[in-house]
1. Largest first and in whole Å, what are the equivalent-ellipsoid semi-axes of the chain based on the Cα gyration tensor, each being the root of 5 times an eigenvalue?
2. How large is the Rg to Rh ratio of region 86-195 when both quantities use alpha carbon positions and Rh follows Kirkwood?
3. How about region 194-248: which GluC sites (Glu not before Pro) there are in a DSSP loop, with at most 13 other Cβ atoms within 10 Å of their Cβ?
4. Hey, any idea what % of region 132-201's accessible area is carbon plus sulfur with a 1.4 Å probe?
5. Over all alpha-carbon pairs of region 296-387, lay out the pair-distance distribution in 5 Å bins, whole %, shortest bin first.
6. Quick one: which residues, 5 or more positions from Lys194 or on another chain, have an amide H under 5 Å from its amide H? H modelled 1.01 Å from N in the peptide plane, none for Pro or chain starts.
7. Report, in debye and to the nearest 20, how large the dipole of region 207-450 comes out about its Cα centre when Lys and Arg carry +1 and Asp and Glu carry -1 on their Cβ.
8. Rg to Rh for region 305-451: what is it, with Cα atoms only and Rh by Kirkwood?
Amino acid sequence: MFQKILIANRGEIALSIIRICKEMGIKTVAVHSTADKDSLHVRFADESVCIGPPSSHLSYLSIPAIIAAAEVTNAHAIHPGYGFLSENASFANICTEYGIKFIGPSATTINKMGDKATAKATMQSAGVPTVPGSDGLLTSVEEGIRLANEIGFPVLLKATAGGGGKGIKLVDSPELFQQKWTEARQEAVASFGKEGLYLEKYIEAPRHIEIQIAADQYGKVIHLSERDCSIQRRHQKLVEESPSPFMTASLRKKITEAAIKGVSAIGYEGVGTMEFLVDKYQNFYFMEMNTRIQVEYLVTEAVTGFNLLKTQIEMAAGKPLDVPNLYPKGHAIEVRINAEDPFNGFRPSPGKINHMHLPGGMGITVASHIYAGYVVPAHYDSMIAKLVVHGNTRMDAIAKMRRVLEELVIEGIQTNIPFHRALLEDQTFQQGNFTTQYLDTFDFSRLSSVE
Ligand code: MV4
(Lines give C-alpha, C1' and ligand atoms only; values in the text may rest on other atoms or scores of the structure.)
Protein backbone atom coordinates (compact mmCIF):
# COMPACT_ATOMS: atom_id res chain seq x y z
CA MET A 1 0.00 0.00 0.00
CA PHE A 2 1.10 3.61 -0.57
CA GLN A 3 2.80 5.18 2.44
CA LYS A 4 1.95 8.74 1.45
CA ILE A 5 -0.59 10.24 -0.96
CA LEU A 6 -0.71 13.81 -2.24
CA ILE A 7 -4.23 15.10 -2.85
CA ALA A 8 -4.28 17.38 -5.88
CA ASN A 9 -7.62 18.94 -5.09
CA ARG A 10 -9.56 21.07 -2.61
CA GLY A 11 -12.94 21.27 -0.88
CA GLU A 12 -15.05 18.32 0.20
CA ILE A 13 -13.36 15.75 -2.05
CA ALA A 14 -9.88 16.59 -0.71
CA LEU A 15 -11.29 16.25 2.80
CA SER A 16 -13.02 12.93 2.02
CA ILE A 17 -9.81 11.51 0.51
CA ILE A 18 -7.79 12.62 3.55
CA ARG A 19 -10.35 11.00 5.87
CA ILE A 20 -10.20 7.64 4.11
CA CYS A 21 -6.38 7.75 3.92
CA LYS A 22 -6.26 8.25 7.71
CA GLU A 23 -8.47 5.21 8.20
CA MET A 24 -6.18 3.24 5.89
CA GLY A 25 -3.01 4.33 7.71
CA ILE A 26 -1.76 6.35 4.74
CA LYS A 27 0.00 9.70 5.30
CA THR A 28 -1.44 12.65 3.39
CA VAL A 29 -0.13 15.79 1.73
CA ALA A 30 -2.56 18.62 1.00
CA VAL A 31 -1.79 21.21 -1.64
CA HIS A 32 -3.53 24.56 -1.58
CA SER A 33 -3.71 27.99 -3.14
CA THR A 34 -3.24 31.09 -1.00
CA ALA A 35 -7.06 31.51 -1.03
CA ASP A 36 -7.42 28.10 0.68
CA LYS A 37 -4.82 28.49 3.44
CA ASP A 38 -7.52 28.24 6.15
CA SER A 39 -9.29 25.26 4.57
CA LEU A 40 -10.02 22.04 6.42
CA HIS A 41 -8.18 19.88 3.89
CA VAL A 42 -5.03 21.80 4.80
CA ARG A 43 -5.67 21.44 8.52
CA PHE A 44 -6.53 17.74 8.44
CA ALA A 45 -3.66 16.58 6.21
CA ASP A 46 -0.35 15.46 7.76
CA GLU A 47 1.55 17.96 5.62
CA SER A 48 0.60 20.81 3.31
CA VAL A 49 2.24 22.74 0.52
CA CYS A 50 1.14 26.11 -0.84
CA ILE A 51 1.26 25.74 -4.63
CA GLY A 52 0.30 29.20 -5.83
CA PRO A 53 -2.10 32.13 -5.97
CA PRO A 54 -5.94 31.81 -5.98
CA SER A 55 -6.34 31.38 -9.77
CA SER A 56 -6.80 27.64 -10.51
CA HIS A 57 -4.50 27.88 -13.50
CA LEU A 58 -1.66 28.94 -11.24
CA SER A 59 -2.41 26.47 -8.43
CA TYR A 60 -4.69 23.41 -8.67
CA LEU A 61 -4.08 23.18 -12.43
CA SER A 62 -0.35 23.86 -12.27
CA ILE A 63 1.34 20.56 -13.10
CA PRO A 64 4.89 21.77 -12.26
CA ALA A 65 3.76 23.11 -8.85
CA ILE A 66 1.98 19.88 -7.95
CA ILE A 67 4.79 17.59 -9.13
CA ALA A 68 7.27 19.72 -7.16
CA ALA A 69 5.07 19.42 -4.04
CA ALA A 70 5.00 15.62 -4.46
CA GLU A 71 8.78 15.54 -4.92
CA VAL A 72 9.64 17.63 -1.85
CA THR A 73 7.23 15.69 0.39
CA ASN A 74 8.21 12.31 -1.07
CA ALA A 75 4.62 11.33 -1.89
CA HIS A 76 4.25 7.97 -3.64
CA ALA A 77 0.93 8.61 -5.31
CA ILE A 78 -1.35 11.47 -6.33
CA HIS A 79 -5.12 11.40 -5.97
CA PRO A 80 -6.60 13.96 -8.39
CA GLY A 81 -10.20 13.88 -7.04
CA TYR A 82 -12.70 15.21 -9.61
CA GLY A 83 -12.40 18.27 -11.86
CA PHE A 84 -9.01 20.05 -12.07
CA LEU A 85 -6.37 17.56 -13.36
CA SER A 86 -8.42 14.39 -12.83
CA GLU A 87 -8.91 13.75 -16.56
CA ASN A 88 -5.72 15.34 -17.81
CA ALA A 89 -3.76 12.73 -19.76
CA SER A 90 -0.50 14.66 -19.80
CA PHE A 91 -0.64 15.04 -16.01
CA ALA A 92 -1.15 11.27 -15.65
CA ASN A 93 1.82 10.77 -17.98
CA ILE A 94 4.09 13.19 -16.10
CA CYS A 95 3.23 11.52 -12.78
CA THR A 96 4.35 8.19 -14.25
CA GLU A 97 7.58 9.73 -15.57
CA TYR A 98 8.35 10.98 -12.06
CA GLY A 99 7.68 7.56 -10.54
CA ILE A 100 4.49 8.77 -8.87
CA LYS A 101 1.35 6.62 -9.15
CA PHE A 102 -1.51 8.61 -10.67
CA ILE A 103 -4.67 7.25 -9.02
CA GLY A 104 -6.70 6.77 -12.17
CA PRO A 105 -6.44 5.00 -15.52
CA SER A 106 -3.51 5.31 -17.94
CA ALA A 107 -2.88 8.46 -20.00
CA THR A 108 -3.76 6.44 -23.13
CA THR A 109 -7.18 5.53 -21.72
CA ILE A 110 -7.86 9.10 -20.53
CA ASN A 111 -6.99 10.38 -24.03
CA LYS A 112 -9.18 7.81 -25.78
CA MET A 113 -12.25 8.59 -23.62
CA GLY A 114 -11.53 12.34 -23.60
CA ASP A 115 -11.98 12.49 -27.36
CA LYS A 116 -15.74 11.92 -27.61
CA ALA A 117 -15.86 10.69 -31.23
CA THR A 118 -13.06 8.19 -30.49
CA ALA A 119 -14.79 7.10 -27.28
CA LYS A 120 -18.04 6.54 -29.17
CA ALA A 121 -16.37 4.61 -32.01
CA THR A 122 -14.48 2.47 -29.48
CA MET A 123 -17.66 1.61 -27.59
CA GLN A 124 -19.55 0.93 -30.82
CA SER A 125 -16.87 -1.59 -31.90
CA ALA A 126 -17.13 -3.20 -28.48
CA GLY A 127 -20.85 -3.78 -29.06
CA VAL A 128 -22.16 -1.03 -26.78
CA PRO A 129 -25.27 0.69 -28.22
CA THR A 130 -24.57 4.24 -29.43
CA VAL A 131 -26.81 6.98 -30.88
CA PRO A 132 -27.23 6.71 -34.69
CA GLY A 133 -25.01 9.26 -36.43
CA SER A 134 -21.71 9.77 -38.20
CA ASP A 135 -19.00 7.12 -38.00
CA GLY A 136 -16.45 9.27 -36.24
CA LEU A 137 -15.74 12.84 -37.35
CA LEU A 138 -17.56 14.56 -40.20
CA THR A 139 -15.20 15.39 -43.08
CA SER A 140 -17.35 18.07 -44.76
CA VAL A 141 -20.54 20.09 -44.35
CA GLU A 142 -21.98 18.21 -47.38
CA GLU A 143 -21.42 14.87 -45.69
CA GLY A 144 -23.13 16.26 -42.58
CA ILE A 145 -26.22 17.43 -44.50
CA ARG A 146 -26.50 14.15 -46.41
CA LEU A 147 -26.24 12.12 -43.21
CA ALA A 148 -28.66 14.38 -41.31
CA ASN A 149 -31.25 13.97 -44.09
CA GLU A 150 -30.80 10.22 -43.87
CA ILE A 151 -31.18 10.13 -40.06
CA GLY A 152 -33.91 12.79 -39.96
CA PHE A 153 -33.95 16.17 -38.24
CA PRO A 154 -33.44 17.39 -35.54
CA VAL A 155 -29.81 16.33 -35.17
CA LEU A 156 -26.99 17.39 -32.89
CA LEU A 157 -23.55 18.58 -33.92
CA LYS A 158 -21.13 17.69 -31.15
CA ALA A 159 -17.53 18.83 -30.68
CA THR A 160 -15.29 15.80 -30.21
CA ALA A 161 -13.25 17.73 -27.63
CA GLY A 162 -16.43 18.77 -25.78
CA GLY A 163 -18.28 16.88 -23.10
CA GLY A 164 -20.57 17.56 -20.19
CA GLY A 165 -22.82 19.65 -22.41
CA LYS A 166 -20.16 21.94 -23.85
CA GLY A 167 -19.83 22.25 -27.63
CA ILE A 168 -23.26 20.92 -28.66
CA LYS A 169 -25.55 22.48 -31.31
CA LEU A 170 -29.10 21.46 -32.13
CA VAL A 171 -29.94 21.61 -35.85
CA ASP A 172 -33.69 21.61 -36.60
CA SER A 173 -33.70 21.64 -40.40
CA PRO A 174 -31.42 21.29 -43.48
CA GLU A 175 -31.61 25.07 -44.14
CA LEU A 176 -29.90 25.76 -40.82
CA PHE A 177 -27.17 23.14 -41.17
CA GLN A 178 -24.47 25.27 -42.85
CA GLN A 179 -24.85 28.10 -40.31
CA LYS A 180 -24.81 25.77 -37.27
CA TRP A 181 -21.85 23.90 -38.70
CA THR A 182 -19.84 27.13 -38.98
CA GLU A 183 -20.84 28.25 -35.48
CA ALA A 184 -20.07 24.87 -33.94
CA ARG A 185 -16.63 24.70 -35.56
CA GLN A 186 -15.71 28.22 -34.50
CA GLU A 187 -16.84 27.58 -30.94
CA ALA A 188 -15.02 24.24 -30.82
CA VAL A 189 -11.75 25.92 -31.88
CA ALA A 190 -12.24 28.82 -29.45
CA SER A 191 -13.17 26.59 -26.47
CA PHE A 192 -11.12 23.46 -27.01
CA GLY A 193 -8.56 24.28 -29.72
CA LYS A 194 -9.88 21.35 -31.76
CA GLU A 195 -12.45 21.73 -34.55
CA GLY A 196 -13.57 18.09 -35.02
CA LEU A 197 -17.36 17.58 -35.07
CA TYR A 198 -19.55 14.50 -35.16
CA LEU A 199 -23.25 14.11 -35.80
CA GLU A 200 -26.01 12.37 -33.85
CA LYS A 201 -29.73 11.88 -34.04
CA TYR A 202 -31.39 14.01 -31.35
CA ILE A 203 -32.90 11.91 -28.57
CA GLU A 204 -35.82 13.86 -27.17
CA ALA A 205 -36.23 14.25 -23.40
CA PRO A 206 -33.89 11.44 -22.38
CA ARG A 207 -32.92 10.36 -18.90
CA HIS A 208 -29.29 10.56 -17.85
CA ILE A 209 -28.46 7.20 -16.31
CA GLU A 210 -24.89 6.27 -15.50
CA ILE A 211 -23.31 2.99 -14.46
CA GLN A 212 -20.58 2.95 -11.83
CA ILE A 213 -17.73 0.60 -12.66
CA ALA A 214 -14.70 -0.68 -10.78
CA ALA A 215 -11.87 -2.50 -12.57
CA ASP A 216 -8.76 -3.93 -10.94
CA GLN A 217 -5.30 -4.39 -12.52
CA TYR A 218 -5.97 -8.07 -13.29
CA GLY A 219 -8.92 -7.70 -15.65
CA LYS A 220 -11.73 -8.10 -13.15
CA VAL A 221 -14.53 -5.61 -13.83
CA ILE A 222 -17.67 -5.15 -11.73
CA HIS A 223 -20.57 -2.74 -11.90
CA LEU A 224 -22.19 -1.08 -8.90
CA SER A 225 -25.51 -0.42 -10.63
CA GLU A 226 -26.84 2.95 -11.73
CA ARG A 227 -27.32 6.53 -10.68
CA ASP A 228 -30.03 8.71 -12.20
CA CYS A 229 -28.64 12.20 -12.80
CA SER A 230 -31.48 13.62 -14.89
CA ILE A 231 -32.08 16.57 -12.53
CA GLN A 232 -29.71 19.09 -14.10
CA ARG A 233 -29.75 22.80 -14.80
CA ARG A 234 -27.57 24.00 -17.68
CA HIS A 235 -25.63 20.72 -17.57
CA GLN A 236 -24.98 21.10 -13.85
CA LYS A 237 -26.22 18.15 -11.86
CA LEU A 238 -28.21 19.18 -8.80
CA VAL A 239 -29.73 15.92 -7.56
CA GLU A 240 -28.65 12.31 -8.09
CA GLU A 241 -30.25 9.11 -6.92
CA SER A 242 -30.02 5.35 -6.97
CA PRO A 243 -31.83 3.24 -7.99
CA SER A 244 -33.24 5.22 -10.91
CA PRO A 245 -37.04 5.55 -10.57
CA PHE A 246 -37.11 4.57 -14.26
CA MET A 247 -35.09 1.37 -13.83
CA THR A 248 -36.45 -2.14 -14.39
CA ALA A 249 -34.70 -5.46 -13.80
CA SER A 250 -34.51 -6.05 -17.55
CA LEU A 251 -33.06 -2.60 -18.36
CA ARG A 252 -30.55 -2.89 -15.52
CA LYS A 253 -29.35 -6.25 -16.80
CA LYS A 254 -28.85 -4.93 -20.35
CA ILE A 255 -27.30 -1.57 -19.47
CA THR A 256 -24.86 -2.95 -16.86
CA GLU A 257 -23.82 -5.75 -19.24
CA ALA A 258 -23.14 -3.15 -21.94
CA ALA A 259 -21.17 -0.97 -19.50
CA ILE A 260 -18.99 -3.90 -18.43
CA LYS A 261 -18.45 -4.96 -22.03
CA GLY A 262 -17.29 -1.45 -22.97
CA VAL A 263 -14.99 -1.05 -20.00
CA SER A 264 -13.48 -4.52 -20.47
CA ALA A 265 -12.82 -3.81 -24.16
CA ILE A 266 -10.49 -0.91 -23.32
CA GLY A 267 -8.62 -2.73 -20.55
CA TYR A 268 -9.79 -0.11 -18.09
CA GLU A 269 -8.23 0.18 -14.63
CA GLY A 270 -9.75 1.98 -11.66
CA VAL A 271 -13.18 3.40 -10.92
CA GLY A 272 -15.10 4.90 -13.81
CA THR A 273 -18.56 5.78 -15.03
CA MET A 274 -20.34 4.92 -18.25
CA GLU A 275 -22.94 7.60 -19.03
CA PHE A 276 -26.01 6.65 -21.04
CA LEU A 277 -28.98 8.45 -22.52
CA VAL A 278 -32.16 6.43 -21.99
CA ASP A 279 -35.23 7.27 -24.10
CA LYS A 280 -38.88 6.80 -23.13
CA TYR A 281 -38.92 3.30 -24.66
CA GLN A 282 -35.97 2.33 -22.44
CA ASN A 283 -33.58 2.25 -25.39
CA PHE A 284 -30.17 3.22 -24.09
CA TYR A 285 -27.17 4.76 -25.81
CA PHE A 286 -23.58 5.26 -24.63
CA MET A 287 -22.83 8.96 -24.30
CA GLU A 288 -19.51 9.49 -22.52
CA MET A 289 -17.19 7.78 -20.10
CA ASN A 290 -15.84 9.56 -17.02
CA THR A 291 -12.42 8.26 -16.02
CA ARG A 292 -12.46 9.69 -12.48
CA ILE A 293 -14.29 9.39 -9.17
CA GLN A 294 -17.42 11.49 -9.58
CA VAL A 295 -19.08 14.03 -7.33
CA GLU A 296 -22.05 11.68 -6.86
CA TYR A 297 -20.06 8.58 -5.78
CA LEU A 298 -21.63 8.75 -2.28
CA VAL A 299 -25.01 7.76 -3.71
CA THR A 300 -23.49 4.45 -4.82
CA GLU A 301 -21.67 4.02 -1.51
CA ALA A 302 -24.98 4.55 0.33
CA VAL A 303 -27.01 1.97 -1.60
CA THR A 304 -24.30 -0.67 -1.97
CA GLY A 305 -22.61 -0.23 1.42
CA PHE A 306 -19.33 -0.44 -0.53
CA ASN A 307 -16.45 1.98 0.09
CA LEU A 308 -15.70 3.15 -3.43
CA LEU A 309 -13.06 5.74 -2.53
CA LYS A 310 -11.12 3.23 -0.44
CA THR A 311 -11.37 0.62 -3.19
CA GLN A 312 -10.11 3.14 -5.76
CA ILE A 313 -6.95 3.65 -3.70
CA GLU A 314 -6.53 -0.08 -3.04
CA MET A 315 -6.88 -0.98 -6.72
CA ALA A 316 -4.35 1.70 -7.70
CA ALA A 317 -1.94 0.04 -5.27
CA GLY A 318 -2.51 -3.32 -7.00
CA LYS A 319 -5.08 -4.97 -4.75
CA PRO A 320 -7.45 -7.32 -6.59
CA LEU A 321 -11.22 -6.74 -6.44
CA ASP A 322 -12.88 -9.31 -4.21
CA VAL A 323 -16.57 -8.51 -4.61
CA PRO A 324 -19.18 -9.39 -7.24
CA ASN A 325 -21.47 -6.91 -9.04
CA LEU A 326 -23.32 -4.81 -6.48
CA TYR A 327 -27.00 -3.91 -6.46
CA PRO A 328 -28.86 -1.15 -4.64
CA LYS A 329 -30.35 -1.87 -1.26
CA GLY A 330 -32.97 0.72 -0.33
CA HIS A 331 -32.82 4.15 -1.95
CA ALA A 332 -30.33 7.02 -1.78
CA ILE A 333 -30.70 10.64 -2.87
CA GLU A 334 -27.99 13.30 -2.99
CA VAL A 335 -28.50 17.05 -3.27
CA ARG A 336 -25.66 19.43 -4.07
CA ILE A 337 -25.63 22.59 -1.97
CA ASN A 338 -24.10 25.45 -3.95
CA ALA A 339 -23.16 28.96 -2.88
CA GLU A 340 -25.49 30.42 -5.51
CA ASP A 341 -28.45 32.75 -5.37
CA PRO A 342 -31.54 30.91 -6.66
CA PHE A 343 -33.52 34.17 -6.62
CA ASN A 344 -31.05 35.78 -9.01
CA GLY A 345 -30.42 33.28 -11.77
CA PHE A 346 -28.23 31.08 -9.58
CA ARG A 347 -25.36 33.54 -9.75
CA PRO A 348 -22.41 32.69 -7.49
CA SER A 349 -22.64 33.97 -3.92
CA PRO A 350 -19.19 33.72 -2.34
CA GLY A 351 -18.41 35.20 1.06
CA LYS A 352 -18.29 34.46 4.76
CA ILE A 353 -20.52 31.86 6.41
CA ASN A 354 -21.48 33.61 9.66
CA HIS A 355 -23.53 30.84 11.13
CA MET A 356 -24.53 27.33 10.20
CA HIS A 357 -26.13 24.13 11.36
CA LEU A 358 -25.56 20.81 9.61
CA PRO A 359 -28.24 18.10 9.84
CA GLY A 360 -27.72 14.71 11.47
CA GLY A 361 -29.49 11.45 12.18
CA MET A 362 -29.52 7.92 10.87
CA GLY A 363 -28.97 7.34 7.17
CA ILE A 364 -27.49 10.78 6.56
CA THR A 365 -24.10 11.75 5.17
CA VAL A 366 -22.92 15.33 4.98
CA ALA A 367 -19.81 15.75 2.85
CA SER A 368 -18.57 19.28 3.28
CA HIS A 369 -15.55 21.41 4.05
CA ILE A 370 -17.46 24.41 5.39
CA TYR A 371 -17.53 25.69 8.98
CA ALA A 372 -18.84 28.79 10.78
CA GLY A 373 -16.45 31.59 9.87
CA TYR A 374 -15.33 29.94 6.61
CA VAL A 375 -15.07 32.24 3.61
CA VAL A 376 -16.28 30.66 0.35
CA PRO A 377 -13.72 31.85 -2.21
CA ALA A 378 -14.96 33.33 -5.49
CA HIS A 379 -12.29 31.53 -7.51
CA TYR A 380 -13.64 27.97 -7.60
CA ASP A 381 -16.70 25.83 -8.13
CA SER A 382 -19.66 26.94 -6.03
CA MET A 383 -20.46 23.54 -4.50
CA ILE A 384 -20.04 23.75 -0.71
CA ALA A 385 -21.75 20.57 0.52
CA LYS A 386 -23.36 17.31 -0.53
CA LEU A 387 -26.23 15.86 1.48
CA VAL A 388 -26.93 12.17 1.01
CA VAL A 389 -29.84 10.32 2.56
CA HIS A 390 -30.52 6.60 2.54
CA GLY A 391 -33.93 5.07 3.23
CA ASN A 392 -35.74 1.80 2.62
CA THR A 393 -37.83 3.21 -0.19
CA ARG A 394 -37.72 6.26 -2.44
CA MET A 395 -40.54 7.87 -0.44
CA ASP A 396 -38.62 7.26 2.82
CA ALA A 397 -35.55 8.88 1.28
CA ILE A 398 -37.60 11.87 0.10
CA ALA A 399 -39.17 12.29 3.57
CA LYS A 400 -35.72 12.13 5.13
CA MET A 401 -34.27 14.65 2.68
CA ARG A 402 -37.14 17.08 3.35
CA ARG A 403 -36.39 16.84 7.08
CA VAL A 404 -32.65 17.26 6.45
CA LEU A 405 -33.25 20.36 4.31
CA GLU A 406 -35.48 21.79 7.04
CA GLU A 407 -32.67 21.38 9.58
CA LEU A 408 -29.91 22.75 7.39
CA VAL A 409 -28.97 26.38 8.05
CA ILE A 410 -26.27 28.31 6.20
CA GLU A 411 -26.19 32.06 6.88
CA GLY A 412 -24.11 34.89 5.47
CA ILE A 413 -24.22 33.79 1.84
CA GLN A 414 -27.01 32.78 -0.56
CA THR A 415 -27.39 29.07 -1.30
CA ASN A 416 -29.59 26.90 -3.50
CA ILE A 417 -31.27 25.33 -0.42
CA PRO A 418 -34.64 27.03 -1.29
CA PHE A 419 -34.50 25.38 -4.71
CA HIS A 420 -33.96 21.92 -3.19
CA ARG A 421 -36.82 22.47 -0.72
CA ALA A 422 -39.17 23.36 -3.60
CA LEU A 423 -37.95 20.45 -5.71
CA LEU A 424 -38.54 17.90 -2.96
CA GLU A 425 -42.16 19.21 -2.67
CA ASP A 426 -42.78 18.90 -6.39
CA GLN A 427 -45.30 16.27 -7.53
CA THR A 428 -43.39 15.40 -10.68
CA PHE A 429 -40.20 14.84 -8.70
CA GLN A 430 -42.01 12.82 -6.06
CA GLN A 431 -43.50 10.61 -8.76
CA GLY A 432 -40.04 10.10 -10.28
CA ASN A 433 -41.53 11.21 -13.55
CA PHE A 434 -38.77 13.48 -14.90
CA THR A 435 -36.25 13.70 -17.73
CA THR A 436 -33.17 15.85 -18.39
CA GLN A 437 -35.60 18.53 -19.66
CA TYR A 438 -37.45 18.75 -16.34
CA LEU A 439 -35.77 21.88 -14.94
CA ASP A 440 -36.19 23.75 -18.25
CA THR A 441 -39.85 24.24 -17.32
CA PHE A 442 -39.55 24.21 -13.52
CA ASP A 443 -41.28 27.21 -11.94
CA PHE A 444 -38.49 28.81 -9.95
CA SER A 445 -40.88 31.55 -8.70
CA ARG A 446 -42.30 28.95 -6.29
CA LEU A 447 -39.14 29.14 -4.20
CA SER A 448 -39.71 30.41 -0.71
CA SER A 449 -37.23 32.77 0.90
CA VAL A 450 -38.81 32.19 4.32
CA GLU A 451 -36.87 29.89 6.66
C1 MV4 B 1 -27.60 14.27 -26.36
C2 MV4 B 1 -28.94 14.61 -26.09
C3 MV4 B 1 -29.90 14.15 -26.97
N4 MV4 B 1 -29.55 13.42 -28.05
N5 MV4 B 1 -27.31 13.54 -27.43
C6 MV4 B 1 -25.63 16.91 -22.91
C7 MV4 B 1 -24.42 16.61 -22.10
C8 MV4 B 1 -23.58 15.73 -22.94
N9 MV4 B 1 -22.91 14.77 -22.14
C10 MV4 B 1 -24.54 15.09 -23.91
N11 MV4 B 1 -25.78 15.81 -23.77
C12 MV4 B 1 -26.86 15.44 -24.49
N13 MV4 B 1 -26.61 14.67 -25.57
C14 MV4 B 1 -28.26 13.12 -28.25
N15 MV4 B 1 -27.94 12.41 -29.33
C16 MV4 B 1 -29.23 15.38 -24.98
C17 MV4 B 1 -28.19 15.81 -24.16
C18 MV4 B 1 -28.58 16.61 -23.04
C19 MV4 B 1 -28.43 16.17 -21.72
C20 MV4 B 1 -27.86 14.93 -21.43
C21 MV4 B 1 -27.70 14.50 -20.13
C22 MV4 B 1 -28.14 15.31 -19.09
C23 MV4 B 1 -28.69 16.53 -19.34
C24 MV4 B 1 -28.85 16.98 -20.66
C25 MV4 B 1 -29.43 18.21 -20.89
C26 MV4 B 1 -29.56 18.65 -22.17
C27 MV4 B 1 -29.14 17.86 -23.25
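The values are calculated or read from the model by the stated rules, or taken from the named source; none is laboratory data. Just so it is clear, the structure is predicted and the values come from calculations on it, not from any experiment. Backbone-built Cβ (ideal geometry, glycine too); neighbour counts: all protein chains shown. Only protein heavy atoms, including side chains, enter the accessible area calculation; ligands, DNA and RNA are left aside. Shrake-Rupley method; radii C 1.70, N 1.55, O 1.52, S 1.80 Å.
1. Gyration-tensor ellipsoid for the chain: 32, 28, 23 Å.
2. Looking at region 86-195, the ratio lands at 1.06.
3. Of the GluC sites (Glu not before Pro), the ones in loops of region 194-248 whose Cβ has at most 13 other Cβ atoms within 10 Å are Glu204.
4. Accessible surface attributable to carbon and sulfur in region 132-201 totals 49 percent.
5. 3, 11, 17, 18, 15, 14, 12, 7, 4, 1
6. Close amide H contacts, sequence-distant or interchain: Val189.
7. The calculated dipole for region 207-450 is roughly 180 debye.
8. When Rh is taken as the Kirkwood radius, the ratio is 1.01.
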